[in-house]
Every structure is written in structure tokens, then in C-alpha cells.
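Below is one structure, written out as C-alpha cells, with a few remarks after it.
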Amino acid sequence: MTGWCGPRDRCRTERERFRAARRTLRDARRSGVDHPGPPPTGFSLLPWLLLGMGSISNVIQGDTPNPWIGGLGLLAFNSLYVHVTFRAFDRAKRESVSTRVALGLLGLVTTGLALGYGGNWLMFFPLLGLATGAILRGPWLGRAGLLLTLYAGLISWLRAGWDEGTGIAYATFLSSMVTAAILGLSEAVRELRAAREELARRAVEKERLRFSRDLHDLLGHTLSVVVVKSEAARRLAARDLDAALAQISDIESVGRQALTEIREAVTGYREGSLATELARARSALSAASVRPVVRQSGTPLDPQTEALLGWVVREAVTNVVRHSDATRCEITVDSAAGRVRLTVTDNGTGASGGGDEGFACGGGGVAGASVGGGVEGVSGGEGLGIASGGRGGGGMCGGAERVHESVGAFRGGSAGGNGLVGLTERLAAVGGSLTAGPSARGGFTVTAVLPVGADELTPTG
């Protein structure tokens, strides 16, 4: 009774689980969701027990000698068959020692019934092959299936002759191999579906991370420039209205450019120009009373490399404006055979600030910002002042009033961001590197190195 109640309770549990999975499938179909359906269970293998109806009929009709022994044999076989087949759909249970032992006992019971009664009882060999194919999947299946086929054919030949033995052997081989193939294919399809869903989920998470990082970069640097220029306009309004209006005009340009960049970032087609980023960096640094010095030499760069270096310029300049308390910032771009190096050095306090991931230094038209201070150009010459609206000397660095105090107050903000970490990941993805730390002569230095392909090293005129 214990051997009978155990499989019966497991059957009830599996039946309830199957019904719940079927209800889930029905609801998914109604909602239009693609669902692979409920996983196969031992119920899919139970109908094959009908192959043993002939032996059950023999026991009931009294055609079997010692019917009590035959009845107990039927009970033992069915119990072991149900136990084995229901464990075949869980890999851990399928590969456990207890399942293999149960399969071996099932083989012994099948052999005893076949040798003792023959006839219809030989049909238990195909059922044994079916259970073997459900449990033994992999490299051992072929050997086990062939040995079981020869064994079933031999026993059947001894009890019923050559013709019956050939049929039983063929049925045993077919049931074991086909069952293993179908169940293995079903399991592989489900694993592929799960892998596809996992890849899709990771792709969505990666795109979401990329978009949030880009959006954060854009707004972080843009808002930094807006705050600095707003404070400059407030301080200049009382003494030099034209200079204050120039700063307000720059704020408007920064906002318009930020809107354009956000739209481009949403579509995922945003590409930056290094020359544009350097121009924005000059404007932001000059607005913060930091003297920009820009040097660029070497061969032209491809758009992807320029875009990456543009992100580095944005982040580094944002940290200089917000955290360094510097008066001079030097940006050097040197591209040589095989690599390009970007260095951003300031003479500030030496704290990186770790600023929030920097974004666009905003502004179309930043080249027209009020930058009265000199800028070293590519040739190294001093005094390339950029005036606003055709006004020379009206800028913040050389004009009516410097806003160093207000900028210093802004730099005192939080310095716990992860902008440099994000840039390191960006550059590492394309074989580059990023280093940042205090300079030997004071201040802070950010150095980015990227590989350059041979097709990008086109000589300049």
C-alpha cells in the first residue's frame, strides 16, 4: 500500500501543476503573449501504459498462472514506471542515483515478468525502452539502447520465437530512441527560448544604461554651464549690461543645443565632433574664470574616436569647472601612429571631484561666448581672445568683473559622482584606457589613450 500511495500522491501533484500551467498558457494566448506552453511532464508518458492492457486482461480472466504474483508484478512495474517517468523531466532528479536504481529495478521486474509469463507480458520491454530513453540522454543513450534492444530480443526469442523476438526488439529500440530524441529536442527548444529571452532582457538593460548615461552626461555638463553663466550674468548686470546680455545669449544657445542633443540621444544616433567639444570647453572654462589652453596636433581622427574623446573632454572640463578651483586648464590632443592621447590638466587643488557624469557643455554658438582671456591655439600662440557679439574685451576673464567667487561656491558641491568610472568603461570597450589623478606639479590630470586604425591615419595637408 505504501508503494501504491506514493506514486498516486505524486500523480495528483503533477496533475495540479499541469492544470495550472495549462491555465497560464490559456491566459497568455488570450492576452496575445507568445508563450512556449506548459513544460512536458510524466503525464505525457502515462498513455503508453496501455501497452500492458493485454497482461492485465490475462490476470483478470485467470489465464495467468499464479495471478497474485502477476498482479503484484503489474503493481510493481506500474509504480516504478510512474516514478521513473515523472522524474525524467527534472535534470537533477533524472541524473540522481535513486532514479538510476529505480530504472534498474524496473528492468529486473520486466525481465521476471517476461521470462515467467511471455506472450503479452513481453510488451513491457518497449515500455522499459521508453523509460530508458526518458532517463538516459547523452552519450550513454546509444549504447544503453542497443544493449537493451539485444537483451529484449533475446528474452523474447527464448519465450516466443524469432518472429516475436524481432518485433519486440524493434519496438524497444524505437521507443527508447524516439522518446529520447523528442524529449531532448523539447528541452533544447525551451533552453533556447530561455536564452533568447535572457539575451533580450540584457540588451534592453544595456540600452537603458547607455541612454541614461548619455542623458546624464548631456544634462550634467549643460546645467553646469547654465549655472555658471547665470551667476556671471547676475554679477555683471549691475556694471556691464552688454556683457550680462552676452552671457544670457550664451545661456539661450546652450539650452537650444542641449535640446537638440537630447533629441539626438533619444534616437541613438548622436555623434560628437572633437573640434566642437573643444570650442564648448573653451566657452565653459572662460565663463568660470579658468584660462583655457588648447593644443592639437597629429593626424585626423575618425568620428567614433572623436566622439569618445569628446566625452572625455566634457567630463574633465565639468570636473575642472565644478571642483578644481583652478585658474588654468590645458587640453592637449596628440595623435600619432597607432594611438591618440588626450590630456586635460589644471592647476587647481588636485581634487578630481569625481563629478557627476558630465554631459554636453551646451550651446551652439558657444564660439561667440564672451571669452576675453587668451587661448593658446594649435600653433601655441597666446591671445586668441573670443569676443561676444563683436565686442572685444568685454568677456568675463578680461572684462568688467570676474566671477571666481561664485564659481568657487558652485565647485563646492557634491563630488561623489562616477563620471570617470563611466568613461573608463567606454574607452575599455574599444581597447583604450583612462587614467586620472593629481599631477606632480599640482592640480589634476586626466589622460585618455585610444588605439587608431591604419585607415584613419590620413596625413594632413
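The values are calculated or read from the model by the stated rules, or taken from the named source; none is laboratory data. Since this is a predicted model, take the numbers as computed values, not measurements. Cβ sites come from the backbone with ideal geometry, for glycine too, and all protein chains shown count toward neighbours. What goes into the accessible areas is simple: the full protein's heavy atoms, side chains included, and nothing from ligands, DNA or RNA. Shrake-Rupley method; radii C 1.70, N 1.55, O 1.52, S 1.80 Å.
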Practice item. Hey, can you grab everything whose amide H is under 5 Å from the amide H of Gly298? Only 5+ residues off in sequence or another chain; H modelled, so Pro and N-termini drop out. Key: Ser335
Review point. Karplus couplings for region 182-194 from phi (6.51 cos²θ - 1.76 cosθ + 1.60, θ = phi - 60°), rounded to Hz, Gly and Pro as x?
Key: 5, 5, x, 5, 4, 5, 5, 4, 5, 5, 5, 4, 5
Review point. Residue by residue through region 171-179, which ³J(HN,Hα) values in whole Hz follow from phi under the Karplus form 6.51 cos²θ - 1.76 cosθ + 1.60 (θ = phi - 60°), with glycine and proline marked x?
Key: 5, 5, 4, 5, 5, 5, 6, 5, 4
Exercise for review: Amide H neighbours of Arg339 under 5 Å, at least 5 residues apart or on other chains, H built in the peptide plane: list them.
Suggested key: Val452
Practice item. Would you please put 315-325, 114-124 in order of how densely packed they are, using the mean number of other Cβ atoms within 10 angstrom per residue and starting with the highest? Key: 315-325, 114-124
Review point. Which net charge results when you count Lys and Arg as +1 and Asp and Glu as -1 among the other residues whose beta-carbon is under 15 Å from that of Ala203?
Key: +2
Practice item. Would you check the accessible area of Glu164, probe 1.4 Å, heavy atoms only, in square angstrom rounded to 10? Key: 80 Å²
Revision key, fill the gap. With +1 at each Lys and Arg Cβ and -1 at each Asp and Glu Cβ, the charge dipole magnitude of region 122-237 around its Cα centre, to the nearest 20 debye, comes out at 740 debye
Exercise for review: Evaluate E = 1/(1 + (r/R0)^6) for Leu46 and Leu215, where r is the Cβ-Cβ distance and R0 equals 41 Å; express this FRET efficiency to the nearest 0.05.
Suggested key: 0.15
